[in-house]
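Everything below concerns the one structure shown next.
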Amino acid sequence: ERIDEPLAAPMIRAIVDRLRHLVDIGLDYLTLNRPTDTLSGGESQRVKMVKYLGGSLVDVMYIFDEPSVGLHPRDVHRLNTLLKRLRDKGNTVLVVEHDPDVIKVADHIVDVGPRAGAQGGQIVYEGDYAGLLAADTLTGRFLTRSLPVNLAPRAARGKLPIKHARLHNLKDVSVDIPKGVLAVI
């Protein structure tokens, strides 16, 4: 943004626009020298989304497979904004996703039921989010369930120390992971 070179102005605008989109989608921790083969699947898909958003193609079908994977829950709204912007450019956006916050913003939901995947499954619901919540499907029941709070957590049996981790986006992280318990990070 501080480069003031009239001949490079169009290129600078395009680069700044792409970098701004990367920040908007929650990838501001990535460095420009990071090899692409170190990106998670979700990070890689979000980088591609930014590329597509900056392109001029319209009337294209984009297919994303769980782009919210690895994304912090507070950044899912950013992903949703990007998906809607791709749609609003005149494209069809198909997302295979399990995150309820991504499902909520869909214009149309297709719930593939029992034995989905290698066995093919079957369509058990098609429609909007409100209809899915009312549908008697595994997904509908999952989205409307409430989970009990663990009032008697198990005691740890030791710890697995991690000291000064610095790989990828970790910046001098130290933590003791308790052993013999279900720990959530």
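Run through the range 98-185 and list the trypsin sites (Lys or Arg not before Pro) located in a DSSP loop whose Cβ has at most 10 other Cβ atoms within 10 Å.
On the way: sites: Lys104, Arg115, Arg141, Arg145, Arg154, Arg157, Lys159, Lys163, Arg166, Lys171, Lys179; in loops: Arg115, Arg145, Arg154, Arg157, Arg166, Lys171, Lys179.
Of the trypsin sites (Lys or Arg not before Pro), the ones in loops of the range 98-185 whose Cβ has at most 10 other Cβ atoms within 10 Å are Arg115, Arg145, Arg154, Arg157, Arg166, Lys171.
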| How large is the helix-only mean residue ellipticity at 222 nm for the chain, computed as the sum of -39500 (n - 2.57) over DSSP H runs with n ≥ 4, divided by its residue count, in deg cm²/dmol to the nearest 500? | -9500 deg cm²/dmol
| What is the count of Lys pairs in the chain whose alpha carbons sit under 21 Å apart, if the two are 8 or more places apart or on different chains? | 9
| request: For the chain, give the percent of accessible area contributed by carbon and sulfur heavy atoms, probe 1.4 Å, rounded to a whole number. | output: 57 percent
| message | Quick check for you: with a 1.4 Å probe and neighbouring chains kept, what is the accessible area per residue of the range 1-116, in Å²? | response | 65 Å²
| Percent of Cα-Cα distances greater than 22 Å, calculated over the range 38-185 | 58 percent
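The values are calculated or read from the model by the stated rules, or taken from the named source; none is laboratory data. Bear in mind the structure is a predicted one, so any value in this text is a computation, not a measurement. Note that we place each Cβ from the backbone using ideal geometry, even for glycine, and neighbour counts take in every protein chain shown. The area values use the complete protein model at the heavy-atom level, side chains included, leaving out ligands, DNA and RNA. Shrake-Rupley method; radii C 1.70, N 1.55, O 1.52, S 1.80 Å.
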